[in-house]
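K.L.:
I have a structure here, written as structure tokens, and I will follow up with some questions on it.
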Amino acid sequence: MDWRIILIIVIMTLSVIDLSATFYYVSKYKSWQPEKPYKLIELNPLLIFLWTKLGFILGSFVGSVIILSLVYIVVRYSHWTIVGLLLIVLIWTMFNHSNNIQLLWKLMEKYPSGYLPTEIFGVVEGSNPK
């Protein structure tokens, strides 16, 4: 099997896991603090735009199709250093997802109402009212 095919499979799998973890994180966050804007939860401008315009479910689906298509094209046709860099970034992203999800669980456990006290966190946009 060609090394490029193996990298395509690995990177596409990591990309699907990344998109799934993003979907899980944002859905849990929005269920905890429904007034929190997407731009304060996620950094991907494409996903934020699609969620705002199409809704969370449809926007996630359309965004996944676009992102996975772009990832495939980059992995299939670009230089191996770009592919290696993308692989490193995706691995780093997995660690970030793990940390962010664990932190969100701790916040949800400690503040189940979604209200974050201003004396501890300052003024938090989208925090549930007391």
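K.L.:
How much mean residue ellipticity at 222 nm does the chain get from its helices, if each DSSP H run of length 4 or more adds -39500 (n - 2.57) and you divide by all residues, to the nearest 500 deg cm²/dmol?
P.N.:
About -25500 deg cm²/dmol.
K.L.:
Let me ask another. Give me the angle, in degrees from 0 to 90, between the Cα long axis of helix 80-110 and the longest principal axis of the Cα atoms of the chain, rounded to the nearest 10.
P.N.:
In the chain, helix 80-110 runs at an angle near 20 degrees to the longest axis.
K.L.:
Now for a separate question. What Rg and what Dmax come out for the chain when only alpha-carbon atoms are used, in angstroms?
P.N.:
In order Rg, Dmax, the Cα atoms of the chain give 17.3, 59 Å.
K.L.:
Which of the GluC sites (Glu not before Pro) across region 47-130 are loop residues per DSSP, with 15 or fewer other Cβ within 10 Å?
P.N.:
Glu125
K.L.:
Could I ask something else about it? Report the Cα centroid-to-centroid distance between region 1-32 and region 86-127 in angstrom, as an integer.
P.N.:
19 Å
K.L.:
While we're looking at this one, here's another question. If the reach is capped at under 26 angstrom between alpha carbons, list the lysines near Lys106, excluding any in the same chain fewer than eight residues apart.
P.N.:
Of all the lysines, those that pass the test against Lys106 - Cα under 26 Å, at least 8 places apart if same chain - are Lys28, Lys30, Lys36, Lys39, Lys130.
Any read-out appearing in this document is the output of simple, stated calculations on the displayed coordinates, not a laboratory observation. Bear in mind the structure is a predicted one, so any value in this text is a computation, not a measurement. FYI the Cβ positions are ideal-geometry reconstructions off the backbone, even for glycines, and counts take in every protein chain you see.
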